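Scroll down for the structure; my scribbles are underneath it.
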Amino acid sequence: MADFSLSSLPDLPLDLWVGGTARPAAEGGRFDVLDPATGDVIASVADGGVDDAMACVDAAEAAAESWAATAPRERAEILRRAFELMTARSDEIAHLISLENGKALPDARGETAYAAEFFRWYAEEAVRASGSVMTAPSGANRIVVLQQPVGIAVLVTPWNFPAAMATRKIGPALAAGCTVILKPASDTPLTALLMAQILADAGVPEGVVSVLPSRSSGKVVSAMLHDPRVRKLSFTGSTEVGRVLLREAADQVVNCSMELGGNAPFLVFDDADLDAAIEGAMVAKMRNAGEACTAANRFYVHADVAEQFSSRLAERMSSMTVGPGTDDATQVGPLVNEESAAKVDELVQGAVGAGARVVTGGSRPDRQGFYFEPTVLVDVPLGAEILGEEIFGPVAPVITFTDEDEAIRMANDTEYGLVSYVYTGDLARGLRVSERLDSGMVGLNRGLVSDPAAPFGGTKQSGIGREGGHEGMLDYLESKYVAVTW
Ligand code: NAP
C-alpha cells in the first residue's frame, strides 16, 4: 500500500468511542500520537477523563442485559464478521499498527492476522460455553452448573501489540456475553479505535464495546474499578502497573486476569540442531524488534556450541535492515518511544561496563527516531541488570552453561515466569526440562508459542489467568451452581 497515511482511513475515529459513536472528551482534552520513526505528530486523539469513563460504564450497563441474552450463535456470527472485516482490511490495519507503533510491516502483518484470529477462534467458542449436570453423591438432588457472563469488563492493553492485545480480550469477553470498556495504551490508541469501528460494522450493538483513550490512565481505570457495576479487569502490561491494579481491584473484589511482564530464557543444548536454534532465536528475539513479553531475554547456550551460536546469531542480526517500520524493506523498526530506546541503551552500557563483550551492535544509531542497533552480547556476567530486567529491544545477551541442572537453575532465577524456550535434539530431555522450567509456556524447538487456540499466560509475577484457547473464555464466565430436586 504505497503512500499510506491516516487519510487512507476515513472511518478511523479520533474521538472516544462510547455507546456506538465517536464523541469528544467531556472536558475537551486531546493528546498527540507520535510516529516513532521521526518523533512527528501523526494524530490528535480525544483524552478521556473520569466523567468519560463513567459514561462508558453507563453504556456498558445499558447494553449488558440484552447482550448477555443474545443467542450465542448470534454473538458468534458477529465475531465471525469482525474476523472477516479485519482480514479484508488487513493491509490498512498493518500499516496503521506500523505507523503508530513503529514495528516493521512484516511484524505488523503478522500481528494483524494473529489479532483477527482471536475473533474467529472465539466465534467458534461462543457456542461452547457448556455447563454440567450431575447427581449429588448423596443421591438427594442434582448439581446443575451454569456458565454465566462475569459482567462488565474493563480491558487495559499495552502498546506493543495494539491490535492483538485488544482482540485477545474483546473476543472472549463478547463470546461469553460480557460488555467491555477498552483502555488502550496512550502510545497506540489508533488501532484500538479502528477495532471499535470494525466491530460496529460487524454488528456489535451500541454500548457493548467502548474505547477510552486517556492520558490519565491511573485515574480513569481506578474510577471504573471502584464502580460496583464493573466486575472484571483484564490487564496486559508491566508487572509494576499490574501490582497497582491488583490493589485497586481489591476494594470492590473485582475478578482479575493479569498478563504481565516476562524475562524469557532461551536454552540451547549441545545436541540441538543449530540451524533450527538460530532460526528460533531470530523469531524469539527479533519479532517486533524485541518488544514482546515473550521475547527471548537471556540466551543460555552450552559451552561447546556457544561460540558458534553467538557468531551465527550476530551475523544474522547484523544483516537485518533497520529503518522506518512502514518502509517495505525494513526488518527492524524503531522502538516505540524515546524512553524505551534510552532504557535499552542503559541496560547495554551497564552490561558492557560490568564486563560483557559486544559481538555486534551495542548502541543507538546516529539517526532521527527511537532506534537501537540489533545487538549480541557475550560474556555477560551473572548478576548484570540486563539479565534481571525485560530488555524490550533487539538485544541478545548470551551466557554459557555446562550442565542441565545449572541451565535450569539459571533459567528459573527470575521473578517472571511467562515463557521459556528449549532447543535440544533429545525429545526426552526436552520434555524433562520443559517440566522443570517455571513458566506458563514453553517453546520446545520452537521460537514462537503465541496461538489463539492455546492458553497464553504466565506463572509467578508474569500473571494470573490465561488468554486464548478454551481457557480464555472461562476468564469471562462464572459458574453458577443450582441445587435441584426433581
Ligand atoms: P504499562 O506501562 O504497564 O502500560 C500498560 C497499560 O496500562 C497502558 O494502557 C497504560 O496506559 C496503562 N497504565 C499505566 N499505568 C496505569 C495505572 N496506574 N493504572 C491503570 N492503567 C495504567 O506497559 P507497557 O509499557 O504499555 O507495555 C509493556 C509491558 O507489557 C511489558 O512489561 C510487557 O512484558 C507487557 N506485556 C505482557 C504481555 C502478556 O501477555 N503477558 C503481552 C504484551 C505486553 P498509558 O499508555 O496511558 O500509560
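The values are calculated or read from the model by the stated rules, or taken from the named source; none is laboratory data. Note that the structure is predicted; figures quoted are calculated from it, not measured. Glycine gets a Cβ as well: all are built from the backbone with ideal geometry, and neighbour counts include every protein chain shown. The accessibility values were calculated without ligands, DNA or RNA, using every heavy atom of the protein model including side chains. Shrake-Rupley method; radii C 1.70, N 1.55, O 1.52, S 1.80 Å.
Leaving out ligands, DNA and RNA, what percent of the accessible area of segment 380-440 is carbon and sulfur, probe 1.4 Å?
Carbon-and-sulfur percentage of accessible area, whole number: 45.
Could you pull the accessible area for residue 423 with a 1.4 Å probe, rounded to 10 Å²?
Answer for residue 423: close to 10 Å² accessible.
Name the residues whose placed amide hydrogens come within less than 5 Å of the amide hydrogen of residue 360, ignoring near sequence neighbours (fewer than 5 apart) on the same chain.
Here 376 satisfy the definition.
Based on the inverse mean of 1/r over its pairs of different Cα atoms, what is the Kirkwood hydrodynamic radius of segment 264-451, in Å?
16.3 Å
In square nanometres, what is the average projected area of the Cα convex hull of the chain?
23.8 nm²
Please determine, in degrees from 0 to 90 and to the nearest 10, the orientation of helix 338-353 with respect to the longest principal axis defined by the Cα atoms of the chain, where the helix direction is its Cα long axis.
Between the helix axis and the principal axis of the chain, the angle is about 40 degrees.
Please get the size of the charge dipole for segment 264-451, origin at its Cα centre, with Cβ charges of +1 on Lys and Arg and -1 on Asp and Glu, quoted in debye to the nearest 20.
Charge dipole, segment 264-451, about its Cα centre: 220 debye, nearest 20.
Name the lysines eligible as straight-distance cross-link partners of residue 232: C-alpha to C-alpha under 23 Å, and not fewer than 8 places from it in the same chain.
169, 183, 219, 460, 480
Could you check the spin-label model distance between residue 135 and residue 321? Points 7 Å from the Cα along Cα→Cβ, value in nm.
Those two pseudo-labels are separated by 7.0 nm.
Label 7 Å along Cα→Cβ of residue 445; segment 237-277 residues with amide nitrogen under 19 Å?
266-277
Using helices alone, what [θ] at 222 nm do you get for the chain, with -39,500 (n - 2.57) per DSSP H run of 4 or more residues, divided over all residues and rounded to the nearest 500?
Mean residue ellipticity at 222 nm (helix-derived): -12500 deg cm²/dmol.
Tell me the per residue accessible area of the chain using a 1.4 Å probe; a whole number in Å² is fine.
That works out to 38 Å² per residue.
Between segment 267-293 and segment 1-49, what is the C-alpha centre distance in whole Å?
36 Å
Helix 90-101 sits at what angle to the longest principal axis of the chain, using alpha carbons and giving 0 to 90 degrees rounded to 10?
70 degrees
Can you tell me which of 19-29, 393-403 comes out highest on packing, and rank the rest after it, using the mean Cβ neighbours within 10 Å?
393-403, 19-29
Enumerate the amide H contacts of residue 296 below 5 Å, restricted to partners 5 or more residues apart or on another chain; note that Pro and chain-start residues carry no placed amide H.
285
Could you give each residue of segment 311-316 its phi-based ³J(HN,Hα) in whole Hz, using Karplus coefficients 6.51, -1.76, 1.60 with θ = phi - 60°, and x for Gly or Pro?
6, 6, 5, 5, 4, 5
Leaving out ligands, DNA and RNA, what percent of the accessible area of segment 96-193 is carbon and sulfur, probe 1.4 Å?
Here it works out to 55 percent.
Using the Karplus curve 6.51 cos²θ - 1.76 cosθ + 1.60 with θ = phi - 60°, work out ³J(HN,Hα) for each residue of segment 378-383 in order, rounded to whole Hz, and write x for Gly and Pro.
Those phi angles translate into 10, 6, 6, x, 4, x Hz.
For every other residue with a beta carbon closer than 14 angstrom to the beta carbon of residue 316, add +1 if it is Lys or Arg and -1 if Asp or Glu, then tell me the sum.
-1
Given H placed on each backbone N at 1.01 Å, which residues far from residue 142 in sequence or on other chains put an amide H within less than 5 Å of it?
Amide H to amide H, under 5 Å and 5 or more residues apart or across chains, residue 142 pairs with 136, 484, 485, 486.
Measure nothing but the geometry: give the 0 to 90° angle between the long axis through the Cα atoms of 105-125 and the longest principal axis through the Cα atoms of the chain, rounded to 10°.
40 degrees
Arrange the peptides 103-114, 275-286 so that the one whose residues have, on average, the most other Cβ atoms within 10 Å appears first.
103-114, 275-286
For residue 471 paired with residue 415, estimate the spin-label separation in nm (one decimal), with each label point 7 Å from Cα along the Cα-to-Cβ line.
Here the answer is 2.3 nm between the modelled labels.
Along the charge dipole of segment 224-269, pointing to its positive end and built from +1/-1 on Cβ of Lys, Arg, Asp and Glu, which listed residue (242, 226, 269) has its Cα farthest out?
Most positive-ward Cα: 226.
Rounded, prolate or oblate: which one fits segment 14-58, using the alpha carbon gyration tensor with axes a ≥ b ≥ c (rounded when a/c is under 1.5, else prolate when a/b beats b/c, else oblate)?
Cα axes put segment 14-58 in the prolate bin.
For a protection proxy built on the mean count of beta-carbon atoms within 10 angstrom, sort 408-414, 3-9, 353-359, 194-200 highest first, please.
194-200, 408-414, 353-359, 3-9
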